[in-house]
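Below: the structure, in structure tokens.
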Amino acid sequence: MSIVREYDNFLELRKQETSNFLWISKKWNPQIAFKQGSTRPSPQYHKDAVLNSPKIQDLLEQISLKTNVPKVELEHQVKDILDEIGYEKKLKVIRWLGLILTKICLTVLSGIYVNVEQVEQIKNQMGNCPVIFVPTHRSYGDFIMMSYLSFQYDIEIPAIAAGMDFFGMWGMGTLLRDTGAFFMRRSYNDDSLYWTTFKQYIYQLVSKGDLPIEFFIEGTRSRSNKSLTPKYGLLTMVLKPFFFSQVPDIQFVPIGFSYDRILEESLFAFELLGVPKPKETTSGFFKSMKILKENFGNIYIHMDKPISAKEFFGSKLDRSVHNLTPLHKQEVTEDEKTLLPPLAYEILNRQQKVLVTTVFNLVSLVLNNNLAYETELLSMEELACDVKWIREILRSLGGFTHTTNIERSIDDCLKTHKNLVYLNRKGKLKLVRNPISQGEINHKKLKGHYLSDDTMTYSVPFVTLQIYINPILHYFIDIDIILVILDTRPMNEDELFESYCFLRCLFSREFITFAPKDKTAFNAAMNDAISLNLVNLNNGKYQLANNKKLGMLIVNTFYTFYVSFFATLLILERLPSVVDEKSILANVQKLLEDAIVDKHKEFIHPYSLNLDTLANCLNSLVDEKVLQKTRRDNVNAYEINKIKLKDVKDNFARYMTRCSIEERCQIINKIHLQNKL
Amino acid sequence: MGENSQKNQLNGPIIVNSVVPKNRQELIKWNGWGYNDSKFVIKGGSEVYFSGRRYPIGEQRLPHIYGWVKDVFDVDLSTAVPKKFNDLPDEKAYPNLNVTPEILEKISHFNISFSTKVIDRVIRAHGQTLHEIYTLQNSVFPRIPDVVIWPTCHEDVVKIVNFCHENNIVIIPYGGGTAVSGAPECPPDEQRTIVSLDTSQMNRILWLDKENLVGCFESGIVGQDLERELKVLGFTTGHEPDSYEFSSLGGWIATRASGMKKNVYGNIEDLLVHVKMVTPRGTLEKSCQAPRLSCGPDFNHLVLGSEGSLGVITEVVLKIRPLPKCQKYGSIVFPSFEKGVEFMREVAKRRWQPASIRLMDNDQFKFALILKPESSYFAHALDAIKKFYVTTIKGFDPNRMCVMTLLFEADEKQVETNEKNLYDLCKTFGGFPAGETNGERGYMLTFVIAYIRDLGLQFEVVAESFETSCPWDRAVTLVRNVKHVVADECRLLGITRFLINCRVTQTYDAGCVIYFYLAFNHRNVGDPVRLHGRLETRAREEIVSSGGSVSHHHGVGKLRRKWYGSTVSEAGVGLYMAAKRQLDPKNIFATDNLVTQAKL
Ligand SMILES: Cc1cc2nc3c(=O)[nH]c(=O)nc-3n(C[C@H](O)[C@H](O)[C@H](O)COP(=O)(O)OP(=O)(O)OC[C@H]3O[C@@H](n4cnc5c(N)ncnc54)[C@H](O)[C@@H]3O)c2cc1C
């Protein structure tokens, strides 16, 4: 299925019109998602319906019997919960926010590009069943833009599932709520009254609501600018009315948001390194308003063709299993739950595929490779040359870069990122390095190892740059794996595939792959590798071919991930078989920090320090049953199967012969670690 | 014929002169629905009329149809050339006669009327599904009965069944031929001789028992004859399926039919007191006529819904009721379908149902307006709606509002209270009474609507109906889901002009009945029967997925066999087959209904 890559800049319209105010006060008669009855359901109607639903009423009766708390009192509790959850819809607020947003966008952005034709198509098909917008989530900008875009194209502003962290921000919670956000508690708790109410609220919105619903399938904002493994909680709740035949179908619209520059880039860099995330406060928000004085280039939004749940599940789903018992006495079945992962991964894949690549993604890729693994710095001409080259390669792999004139785009994006990249006096490109002083840090809040100010100063620019490489890595991961394997020796397809499966399983959380042992992805990657002259066949064996430049670039780019994984395996090997998560992370980071500092031995990329990758590695090892995860007193701990671990590590070490970190690997026990901190 | 025939009867059976002659085609369309003289006709280019004076809209201009047909189906009645259909089939059309002279010779000795003429055989080879009518009009059936036989009493049937059993000849009982499940059709691969057993000449009223309020009828009596005869005596059965002009008592039982006024009189299973069914293993019947028995499983329920596959129903004892003192129509408009359903649910909860209560969805409501015979000045049907909207029901969205039709049957006092209750209650649901005429028109329309398919068929528009029953809480979503699936599937099939609407036609304590109409223009899209088959299958799958049943009253026949097993469970299928093997070991009632022969 080919993707139509035509984008209109709708900010241009705002630029040209004489009065943004006129536009923002336009007649509002939006397309709704799912027509209901004769009158449109109001926010309060939904809350009342939830309270009066047999599900909640039954539950309250039960609790009341058990606890002797009168039912009315419980009803009040539910009402409070619903007020905490429920969205509101205040057109006035929407218009005012829209106006402010327009002003901001006009000052800090050059354009907001949207594939309008598809948007119009989706809009025209709306009306007959719930529509779920499922955007990538890599910035707070996502849902603001989603609502803004909806307003632009006269689509009803979606009801958005938002985390409670917003709720804490004074004023912001209310503002967001008034524009359609509803709130979900994040923390694990087993408050069954809360969750039953929340689930019923979603059930209500999907089956009896008429707004599009927006939620993030990754559950949280990705700090790495890469897709995260999907979460199934909300997806299950959203699909329940379909499983129960309460709606004819559900349309999921995957949406890709890409930003020339991400608002939260430095925050993310810190977070990735393990500096605890500051609680979102309004003053923090206003601080980020200051950033808005800067230039953020373009935003690209691609709405993909909807995925119909009905079509997707096809005959695998038998909804008649729900016919014999009252619906409110039933839950989503285990069989139904097994249908979710393929759908979730399909949505994620589609998001990744449609995401627009920015020129800065390419610049970062080239620049990172240069700074990390090459001896001579790049001039602008050399950069442009390589960017053009890699753009063509990406195109052949299905990626789309938005630019009309690549030289100009490079200039533009370097201006946008002048806080990160600069031209030195010799006209060569370097990273801006601002000294970082962490001041007083509460060590208890650290997720991993306390990194020194020097390490931070050195690492943050690299990590920030990596954030812009990450979104295009999924185009290359399969090829990389093949190259890394063939680098050890030529081999036949079966051997190659076996090793490929091993690495791909290990990386399946870092680079979202579903069914990592699937041959079709392997075959596709092989075809690409061969046509890019990275690999060829000689006497029935595959071997590395002549395109060394591309080969190096790919292998270099991914090396940091290998290092992280390797370091984790090494540390796990040396730790006792039951260990808490923080000890693992701290030890791995410590090992890597030492290796990074010792630059003469080997270049270790600072991104290898990032906790995201380390956590993905641990989770993959859990998937592979190397680790067993337990959670006690809000602390993650692991039990290590040392035999399996050794297998994995030995297997993995075959690809790490260049790497010297094993020599320096030693464990700091917990007490020692804390003393040092 | 047709007028009351009781004058010359004193004691003993009442011989009923049926409206429907033995040569059915003399009165009834051989390749369409209903009376020959009643049909939609186009006069002077684009004016549509309904011919004949049998129905209230007869011989009146129907000015809105033209524009509506253009809008909905993109058919211009003024220029479109009606399709040419097959002529009445003659002997050449079906050259094969699969019966030996010896058998015919033996049959002739029974002194029971029979025929091997093609026209007689073709007419009894089918029911009323789209597939069957389309075949009649455009091609030939792969298999038709070889002999038609007209028994006149129970004993005749016993003789025929025994003879067929001995000679391994297939019998397919035939009542009024109104089935809409493919039930009367011959299995195409049947190698044995097939006899169509036409019950129409077995239609006497054997006796009436006014003390116990029951009557004994022969199974071939058709609804309108039965009611006409009873009316003279001051009674009614109250069983009134929309097909009651032509469908037979035996057919009702064999398909578990349901009448419009079941709220007062009950469905066929409620009316049935005693039934005789002739099987190869003897006649299944009971020893008494008690109102209810606790004596093991009730075999009435084996006969009900047997769809001709277990034996021939011959004599039936039904409940009868004195004619109601008062009959009155009514209607209520609601702002939306959902509100209407809520109201209906409440009425059912309170058990306030009048004889009939039906709710048309918005599309059907509009359609009803289209059929308004008006010498009006409105150029366009929509104007009529608008007018109706502006003048009568301000504040309602003409694209959302719905009409409920009501029929009351009781004594005046009861009707009055019932009316008042309903009209008061409806206000809580945003509805208000919209008069008697609207109600009456609604019921008249259900009879006329059956005729409109024949008009469409001439212009490449095919139509069909299907129904289901479901729990109350699933009704609205079921309707929505089915409409969605049909629209989706039409899009996939390339059908751009289609209509799918529905009405809620019956209420029960625990659920309701939903009746859908589906029609589409198949010009340049492909074989309409195949397309429709696909649409109806998808719709039924969606119904079943949405909590609905395989059928409320149309039955399974051959059309819905696919869902029989999953509906009654494997054990259920086994039970049915055991009964089948016991009563009909040679499978001479090889109707192929419910379960395919292959499995028997
Ligand atoms: C326009 C229209 C409206 C309809 N409205 C209704 C309605 O409101 N309610 C409803 O319930 N149905 C309705 N139907 C469906 C149909 O009228 C019923 O199924 C009816 O009961 C069939 O009776 P029949 O005499 O026409 O049977 P047929 O079509 O002749 O036969 C139906 C089946 O019963 C078997 N059968 C017939 N007579 C006997 C017998 N004496 N012994 C054993 N088996 C026998 C046949 O072999 C066949 O399998 C409608 C159909 C049409 C076309």
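The values are calculated or read from the model by the stated rules, or taken from the named source; none is laboratory data. Just so it is clear, the structure is predicted and the values come from calculations on it, not from any experiment. Note that we place each Cβ from the backbone using ideal geometry, even for glycine, and neighbour counts take in every protein chain shown. Note: accessible area is taken over every heavy atom of the protein model, side chains too, but ligands, DNA and RNA are not part of it. Shrake-Rupley method; radii C 1.70, N 1.55, O 1.52, S 1.80 Å.
A few points about this structure:
- Pairs are defined by a Cβ separation below 9 Å, a sequence spacing of at least 6 or placement on different chains, a first member in the stretch B:410-427 that is within 15 Å of B:Pro324 (Cα to Cα), and a second member that is open to solvent by less than 40 Å² (accessible area, probe 1.4 Å) and in a helix (DSSP H, G or I); the pairs so defined are B:Ala410/B:Asn418.
- Among (1) within 14 Å of another protein chain (Cβ to nearest Cβ); (2) farther than 29 Å from B:Ala348 by Cα; (3) β-branched (Val, Ile, Thr), the one test that B:Thr496 misses: (1)
- Candidate set: the stretch B:466-479, residues that are open to solvent by 20 Å² or more (accessible area, probe 1.4 Å) and out of contact with any Cys (no Cβ under 9 Å at 6 or more places or on another chain); chosen: the one nearest to the other protein chains (Cβ to nearest Cβ): B:Asp473
- Scanning the stretch A:207-220 for residues that are closer than 19 Å to A:Met164 by Cβ and either outside the structural domain of A:Val131 (by TED's automatic domain parsing) or out of contact with any Ser or Thr (no Cβ under 7 Å at 6 or more places or on another chain) (or both) yields A:Ile213, A:Glu214, A:Phe215, A:Phe216, A:Ile217, A:Gly219, A:Thr220.
- Within the stretch B:251-275, tally of residues that are within 9 Å of the ligand (Cβ to nearest atom) and either open to solvent by 10 Å² or more (accessible area, probe 1.4 Å) or not in a helix (DSSP H, G or I) (or both): 9
- Taken over the stretch B:495-532, the residue count meeting the criterion of being part of a loop (DSSP other than H, G, I, E, B) and open to solvent by less than 40 Å² (accessible area, probe 1.4 Å) is 4.
- Some residue of the stretch B:221-239 being within 8 Å of the ligand (Cβ to nearest atom) and in a loop (DSSP other than H, G, I, E, B): no
- Residue within the stretch B:438-457 that is polar (S, T, N, Q) and more than 16 Å from B:Leu359 (Cβ to Cβ) present: no
- Hits in the stretch B:571-598 (condition: out of contact with any strand residue (DSSP E or B) (no Cβ under 7 Å at 6 or more places or on another chain) and of a type in the set (A, V, I, L, M)): B:Ala571, B:Val573, B:Leu575, B:Met577, B:Ala578, B:Ala579, B:Leu594, B:Val595, B:Ala598
- Comparison of A:Gly219, A:Gly256 shows that the only residue that is more than 14 Å from chain B (Cβ to nearest Cβ), over 19 Å from A:Gln125 (Cβ atoms) and either open to solvent by 10 Å² or more (accessible area, probe 1.4 Å) or in contact with a Pro (Cβ under 6 Å, 6 or more places away or on another chain) (or both) is A:Gly219.
- Taken over the stretch B:547-594, the residue count meeting the criterion of being within 16 Å of the ligand (Cβ to nearest atom), open to solvent by 20 Å² or more (accessible area, probe 1.4 Å) and of a type in the set (Phe, Trp, Tyr) is 2.
- Here B:Ile144 fulfils each of the conditions (1) without any contact (Cβ under 8 Å) to a residue 40 or more places away in the chain; (2) open to solvent by less than 20 Å² (accessible area, probe 1.4 Å); (3) not small (Gly, Ala, Ser) apart from (1).
Every residue, every condition in (1) at pLDDT 95 or above; (2) surrounded by fewer than 17 Cβ atoms within 10 Å (Cβ to Cβ); (3) closer than 19 Å to A:Ile155 by Cα, yes or no:
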| position | (1), (2), (3) |
| --- | --- |
| A:Phe34 | yes, no, yes |
| A:Ser38 | no, no, no |
| A:Ser42 | yes, yes, yes |
| A:Lys71 | yes, yes, no |
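- Scanning the stretch A:509-547 for residues that are of a type in the set (Phe, Trp, Tyr) and in a strand (DSSP E or B) yields one hit, A:Tyr542.
- The set of residues from the stretch A:123-136 being away from chain B (no Cβ under 14 Å) and surrounded by fewer than 22 Cβ atoms within 10 Å (Cβ to Cβ) comprises just one member, A:Lys123.
- The residues of the stretch B:533-543 that are within 14 Å of chain A (Cβ to nearest Cβ) and buried (at least 20 other Cβ atoms within 10 Å of the Cβ), listed by number, are B:Ala539, B:Arg540, B:Glu542, B:Ile543.
- Within the stretch B:33-68, the set of residues being in contact (Cβ under 8 Å) with a residue 24 or more places away in the chain and either acidic (Asp, Glu) or in a helix (DSSP H, G or I) (or both) comprises B:Pro63, B:His64, B:Ile65, B:Gly67, B:Trp68.
- Which numbered condition B:Val278 misses (of (1) within 16 Å of the ligand (Cβ to nearest atom); (2) surrounded by fewer than 23 Cβ atoms within 10 Å (Cβ to Cβ)): (2)
- For the stretch A:317-330, a tally of residues being open to solvent by 60 Å² or more (accessible area, probe 1.4 Å), closer than 21 Å to A:Asp249 by Cβ and more than 9 Å from chain B (Cβ to nearest Cβ) returns 1.
- Residues (within 7 Å of the ligand (Cβ to nearest atom) and not in a helix (DSSP H, G or I)) located in the stretch B:240-250: B:Pro241, B:Asp242, B:Ser243, B:Phe246, B:Ser247, B:Ser248
- Which listed residue is modelled with pLDDT under 95 and open to solvent by 60 Å² or more (accessible area, probe 1.4 Å), from A:Asn675, A:Asn636: A:Asn675
- From the options A:Asp454, A:Asp478, residue that is open to solvent by 10 Å² or more (accessible area, probe 1.4 Å) and at pLDDT 95 or above: A:Asp478
- Count - residues of the stretch B:281-337 that are assigned to a helix (DSSP H, G or I) and away from the ligand (no atom under 16 Å from the Cβ): 1
- Of the helices (runs of 4 or more DSSP H) lying entirely inside the stretch A:1-91, those carrying at least 3 residues that are away from every other protein chain (no Cβ under 14 Å) and of a type in the set (Val, Ile, Thr) are A:54-67, A:71-85.
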